Amino acid sequence: MVRYASGSRCVDGDRVTTPQQGQRTYAERDAVDFVIVGSGAAGGVLAKELATVGFNVVVMEQGPWRQPSEFTHDELAIEQRHDWLNIATEPYQTFRTTEADAPRRNTGLNLRYMRGVGGSTVHFAANYWRFRPSDFKERSIFGSIPGAGLADWPITYEELEPYYTKVDWEIGVSGAPGPFDPPRSRPYPMPPLPIKSSGVLLERAANRLGLHAQPAPFAINSELRDGRSACMACGRCANYGCEFGAKSSTLVTVIPKAIATGKCEVRTDCTVFRVDTDKNGRATGVVYWDGEGRERRQKARATILAANGAETTRLLLVSTSPQFPHGLANSSGNVGRYLMFNCYESTFGRFEHPVNEYKGAVAGRIILDFYEHDAKRGFYGGGGIDARFPYNPIGFALSILPKDIPSWGSDYKRALRDYYTHTVRFTGHLTSVPQRANSITLDSEHKDSRGRPSLCLTYEDHADDRTTQHWFQAKTRALMEAAGANKIWDQPIAPSDGSVQLLGTARMGNDPRDSVVDRYHRAHDVPNLFVCDGSSLVTSGRGNPTMTIQALAFRAAEHIAQFARSHAI
Amino acid sequence: MTHRELLPRRAFLIDAARVAAAGWLTLEVQLLAACARDTSSRDTGFAHLTIAEGRTLRAFAAQILPSDDGTPGAEEAGVVSFIDRAFGMPFFADSVTVIRSGLADLDARANVLGGRRDFASASSADQIAIMRAIETTPFFVTVRTLVVIGMFADPSYGGNRDHVGWSLLGSEHRPSFTAPFGWYDTHLAPGASTGTA
């Protein structure tokens, strides 16, 4: 009897098989139909969709193939040492506020993402908010912003809606309708996860202030579905892998299905460092280092970059040639530019009774009353508010207590006992203004351990971003008061110096002069090169971009397959 | 792992000082990257610390997280064993010097302040006074961070013995939970939506 346990692990009697065992493999010299760089949110979806309709696909992944059964709750390894992240392997990045400044070592948050099959969908918190119709035309609605590059998307919510629904049903999203939801063509496939104390408190506060709380949508199973477990409420969604396979990462959803087609190979521990082109300006495939550091090639009829906003940028910028002296697909000069992080702010509160935020999924209820920007506020910006608490014992003890509590000694220890199980955090997930000067470039001086230029971040929050953060912090404080907290403290608002959300660096658009890819994610400059990941986003939404990235990937896959079938690549 | 570039001590201390200043960032404890996961050295003396260093560090850790109010502190959690093991990592060599000189400085201050042989022999009040005088130094920030990590990290790293750190916080050590999770969802959901609370 075959049954599924621990997500993608297939147990057949005594024989334990994993998805990569028996997967189809391709020879390097064979030109496959598609090589996809990255196995994360977008890469996993593209691989499954293209392999399912019969194309030969090789997915290049720089990290290892971990099984859910290997995942632990080891906070030191995951949250302090960052074992799974790029910064554990390549910690050297540089930072400057403006292009006039000299880059210096980034001692801040850095550009961060997960290395490994499934990418950051393995360790993310799985909040799956849809964008709203207004997100795709904010330039038309709001107008221009001084010093910013706010632009409409080349597609509408209505065009993307069927693919949002595809994510709901094929990836697996739990949730329930709310008063501000955009139109949806099909209900959620699963009911929401159970409410937590923090959700009860946020809902109580919303009711008192005339606002509306609704269950948070999650890419987490709330019931047995698709051969995967329901959420076991272990409390380690954010930053950790789900050992139960309940979190709908691409590792346990689309990638096993892509492998099962017999058409897809996921090649792990392979770092692509160049996209090759021929004299006609067409991509011929990728060059990469394998696990032993040997240089290898994979030929392909078309290349798809889905390596996240930082690594996609790096690949395009390093893949220069006489025909593309400023990097591949960069005739606009906008590769790496219009980087957006999603601003946020937080207010903490302590409550009389235990809330035990360390149990259950990371958030419970959300408030979307302030999602839309509102000209009456006098600035560009909007956001959603949720009760979200991604803190575990070490992180909490090091940095979360109110500032008027000593950081050591008897009072410190007493406060840890009093606060850990009683603390709630309300957070605003906010817009970031797209600005051309905010960018990822290649550092001209510093090299990483493989001799490549280090990633250089240039970033300065727009004045409206700062205003948005303070405006929302007043809201989350008012909510915390209305919820009845007996102690309230703010997370100080600080300038951005890194993020896990790496958006906008190869933005979509109809005009090749100011965008990198067209409405089908095809590079304006290279007919058989496609880019689909966070870099495609034109505006930032309100945090939680993965739902939209995957909807874009489902849509892109459908169009790319049509182009391939009609010999239009 | 072969490509791991380890943070030099200087960079770590800058990070640590930044945490002390900003307070809200999770410290990147790259210095712990090769921390061995074995329990063989438990209670058999130190692998890297001298007996005198261990004595001073133990007193220091016991002031960061005291054993008081009838609950365990750094002492019961075995925090010093955790730090001793952290000392064993090759790339930690530079930081060891800073911590060692900081521990010696604690002993010297105890001698000046109260004519004591070392920091551990000083009265609790004197120990606290000495620590207050140096609490913004890289030495203090680094060791305080290590004490906290040793208290709350997975016990396989040598601290948090018998999960005393997690128990102190009131955190149940279980692989999964079922709703309700806290007081408010037990007593107020789902009726909370009517605003009755």
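The values are calculated or read from the model by the stated rules, or taken from the named source; none is laboratory data. In this text, all values refer to a predicted model and were calculated from it rather than measured experimentally. All Cβ positions, glycine included, derive from the backbone under ideal geometry; neighbour counts span all protein chains shown.
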Sole exception among (1) part of a loop (DSSP other than H, G, I, E, B); (2) over 30 Å from residue A:486 (Cβ atoms); (3) away from chain B (no Cβ under 12 Å) for residue A:237, by number: (2)
Sole residue being closer than 30 Å to residue A:117 by Cβ and within 14 Å of another protein chain (Cβ to nearest Cβ), chosen from A:293, A:285: A:293
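Quick grid of which residues meet (1) out of contact with any strand residue (DSSP E or B) (no Cβ under 9 Å at 6 or more places or on another chain); (2) crowded, with 20+ Cβ neighbours inside 10 Å; (3) more than 13 Å from chain B (Cβ to nearest Cβ):
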site	(1), (2), (3)
A:172	no, yes, yes
A:175	no, yes, yes
A:186	yes, no, yes
A:215	no, yes, no
A:232	yes, no, no
A:246	no, yes, no
A:271	no, yes, no
Candidate set from the stretch A:75-129 (those that are more than 14 Å from every other protein chain (Cβ to nearest Cβ) and of a type in the set (D, E, K, R)); member that is nearest to residue B:160 (Cα to Cα): A:96
Failed item in (1) more than 19 Å from residue B:179 (Cα to Cα); (2) in contact with a helix residue (DSSP H, G or I) (Cβ under 9 Å, 6 or more places away or on another chain); (3) modelled with pLDDT under 95, with residue A:374 passing the rest: (2)
Residue A:334, sole failed condition from (1) within 14 Å of chain B (Cβ to nearest Cβ); (2) modelled with pLDDT of 95 or more; (3) within 30 Å of residue A:435 (Cβ to Cβ): (1)
Wholly within the stretch B:75-174, helices (runs of 4 or more DSSP H) carrying at least 2 residues that are under 13 Å from the mean Cα position of the chain (by Cα) and aliphatic (A, V, I, L, M): B:79-86, B:138-152
Qualifying residue in the stretch A:401-418 (condition: buried (at least 19 other Cβ atoms within 10 Å of the Cβ), more than 29 Å from residue A:236 (Cα to Cα) and not aromatic (Phe, Trp, Tyr)): no
One residue from A:506, A:553 being modelled with pLDDT of 95 or more and not in a loop (DSSP other than H, G, I, E, B): A:553
Residues that are over 26 Å from residue A:112 (Cα atoms), among the small types (Gly, Ala, Ser) and modelled with pLDDT of 95 or more, drawn from the stretch A:1-59: A:51, A:54
Residues (in contact with a Lys or Arg (Cβ under 8 Å, 6 or more places away or on another chain) and among the aromatic types (Phe, Trp, Tyr)) located in the stretch A:493-539: A:530
Filtered residues of the stretch A:454-504 (kept if within 14 Å of another protein chain (Cβ to nearest Cβ) and among the hydroxyl-bearing types (Ser, Thr, Tyr)): A:454, A:496, A:499
The stretch A:353-374, subset over 12 Å from residue A:234 (Cα atoms) and among the acidic types (Asp, Glu), residue nearest to the other protein chains (Cβ to nearest Cβ): A:369
Residue that is farthest from residue A:233 (Cα to Cα) [pool: residues in the stretch B:133-171 that are of a type in the set (D, E, K, R) and more than 9 Å from chain A (Cβ to nearest Cβ)]: B:161
Every residue from the stretch A:171-209 that is among the aliphatic types (A, V, I, L, M), touching a helix residue (DSSP H, G or I) at 6+ places or on another chain (Cβ under 6 Å) and part of a loop (DSSP other than H, G, I, E, B): A:195
Cross-chain or 6+ apart pairs with Cβ under 6 Å, the stretch B:176-197 first and more than 7 Å from chain A (Cβ to nearest Cβ) and surrounded by fewer than 18 Cβ atoms within 10 Å (Cβ to Cβ), then modelled with pLDDT of 65 or more and assigned to a loop (DSSP other than H, G, I, E, B): B:186/B:180
Residue match in the stretch A:434-451 (condition: in contact with a helix residue (DSSP H, G or I) (Cβ under 6 Å, 6 or more places away or on another chain), crowded, with 21+ Cβ neighbours inside 10 Å and among the aliphatic types (A, V, I, L, M)): yes
Scope the stretch A:289-320; condition over 24 Å from residue A:457 (Cα atoms) and either surrounded by fewer than 24 Cβ atoms within 10 Å (Cβ to Cβ) or charged (D, E, K, R) (or both); matching residues: A:289, A:290, A:291, A:292, A:293, A:294, A:295, A:296, A:297, A:299, A:301
Residues being more than 14 Å from every other protein chain (Cβ to nearest Cβ), out of contact with any His (no Cβ under 7 Å at 6 or more places or on another chain) and closer than 29 Å to residue A:370 by Cα - total across the stretch A:427-453: 10
Residue within the stretch A:503-516 that is crowded, with 24+ Cβ neighbours inside 10 Å, more than 19 Å from the chain's Cα centre (by Cα) and within 26 Å of residue A:148 (Cα to Cα) present: yes
Pair list, Cβ < 7 Å and 6+ apart or interchain, from the stretch B:121-132 residues that are within 14 Å of chain A (Cβ to nearest Cβ) to residues that are surrounded by 15 or more Cβ atoms within 10 Å (Cβ to Cβ) and basic (Lys, Arg): B:130/B:109
